[in-house]
Each structure stands twice: as structure tokens, then as C-alpha cells.
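The values are calculated or read from the model by the stated rules, or taken from the named source; none is laboratory data. Please read these numbers as outputs of a predicted model, since none were measured by experiment. When we count neighbours, we look across all protein chains shown, and the Cβ atoms used for this are built from the backbone with ideal geometry, even at glycine. Side chains included, ligands, DNA and RNA excluded: accessible areas come from the protein's heavy atoms. Shrake-Rupley method; radii C 1.70, N 1.55, O 1.52, S 1.80 Å.
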Amino acid sequence: MLPNGNNCFWNQNAYSLSRKLAMSLHTLIQKIESKSFKTTLPRIDIGDTVKVGVVIQEGNKQRVQPYQGVVIAQRRAGLHSTITVRRIFQGVGIERIFPVHSPSLQNLEIIRRAKVRRAKLYYLRDRVGKATRLKARAGEK
């Protein structure tokens, strides 16, 4: 038996207090994160060919560098959502992971939509040339 008269170490009052504190912290974090959400983003699907404008800092100058490729993966996690874009540059496959709600992402434009039946297109890593083509989705760009 504990000095406070309880038979167990678990204190229900401490649990409810910590739960309320955790809930208030959660709402506080949501309020802070809601300011960083981008609301003007287009709907991005796997297989889309996108052009991403990334802000590049060179010395004291800033410029927007376009990066065009196929979305091969997407992670939907609220503010921490990311897309993985793959392109072929001088015969070498390059993949970049972009945080969708990052301030360094200036713009996101969908060039072409493709019909795919997978959630992740990692099989494109093993393919070269015309084998990497995806069928266009009917009725869309």
C-alpha cells in the first residue's frame, strides 16, 4: 500500500491532468501549423508529371529553379506531406523529395496526368528509356 492510501502506483488524477495538458498542447500545435499550410496547391496524384519551382539562394540573390519530373511517391502527413519527384538528367535518374508546404517551394504546376495502378512507382527506377513512359489519363491534361 502506498502512503496516499492507494493500492496501485497509478494515480487517476495525474493521468487526467496529463491528458488535458497533452490535448491543449495538441491544439496549440495545430493552430501554429495551420498558419503554414498552403491552400492553393493543386491535387497531386501518383504518376503526374509536375513542374516544381524551388527557391534557390545564391549569395544574396534568390531565384526560382524549375524541376520537372514524375511523382513516384507521396507521403500525406498534414503539414509534413512530401512528394518524391523523379527525372532523368544526362542519362542518370535523380529523385528529390519536396515538402509540399515548405516556403522554399514557390509553385507547383501539373503538366500531365497519368493512369497508374500503384501507390508507389519505385519500379520506374529499374527501367530505362521508353519503358518509363506512363499512359495518359483519359480526359485530362
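Starting from segment 91-116, take each residue that is touching a residue at least 40 places away in the same chain (Cβ under 8 Å) and surrounded by 13 or more Cβ atoms within 10 Å (Cβ to Cβ) and list its partners that are among the polar types (S, T, N, Q) and in a strand (DSSP E or B), counting only C-beta distances under 6 angstrom and pairs at least six apart or across chains.
ARG112/THR49
Answer yes if at least one residue in segment 78-89 is part of a strand (DSSP E or B), β-branched (Val, Ile, Thr), modelled with pLDDT under 95 and open to solvent by 80 Å² or more (accessible area, probe 1.4 Å), and no otherwise.
Looking through segment 78-89, at least one residue is part of a strand (DSSP E or B), β-branched (Val, Ile, Thr), modelled with pLDDT under 95 and open to solvent by 80 Å² or more (accessible area, probe 1.4 Å).
From the list ILE72, ILE44, pick out the single residue that is among the β-branched types (Val, Ile, Thr), part of a loop (DSSP other than H, G, I, E, B) and surrounded by 12 or more Cβ atoms within 10 Å (Cβ to Cβ).
Values: ILE72 fails: part of a loop (DSSP other than H, G, I, E, B).
Going through ILE72, ILE44 in turn, just one is among the β-branched types (Val, Ile, Thr), part of a loop (DSSP other than H, G, I, E, B) and surrounded by 12 or more Cβ atoms within 10 Å (Cβ to Cβ): ILE44.
From the set of residues in segment 117-141 that are touching a residue at least 24 places away in the same chain (Cβ under 8 Å) and aliphatic (A, V, I, L, M), which is surrounded by the fewest Cβ atoms within 10 Å (Cβ to Cβ)?
Filtering segment 117-141 for residues touching a residue at least 24 places away in the same chain (Cβ under 8 Å) gives 118-122, 124-125, 132, 134, 136-137, 140-141.
From what is left, the residues that are aliphatic (A, V, I, L, M) are 119, 121, 124, 134, 136.
On the way: ALA119: 9, LEU121: 20, LEU124: 21, LEU134: 17, ALA136: 14.
Per the stated criteria, the residue is ALA119.
Just the residues that are modelled with pLDDT under 60 and of a type in the set (A, V, I, L, M, F, W, C), please, taken from segment 1-42.
Of everything in segment 1-42, those that are modelled with pLDDT under 60 and of a type in the set (A, V, I, L, M, F, W, C) turn out to be MET1, LEU2, CYS8, PHE9, TRP10.
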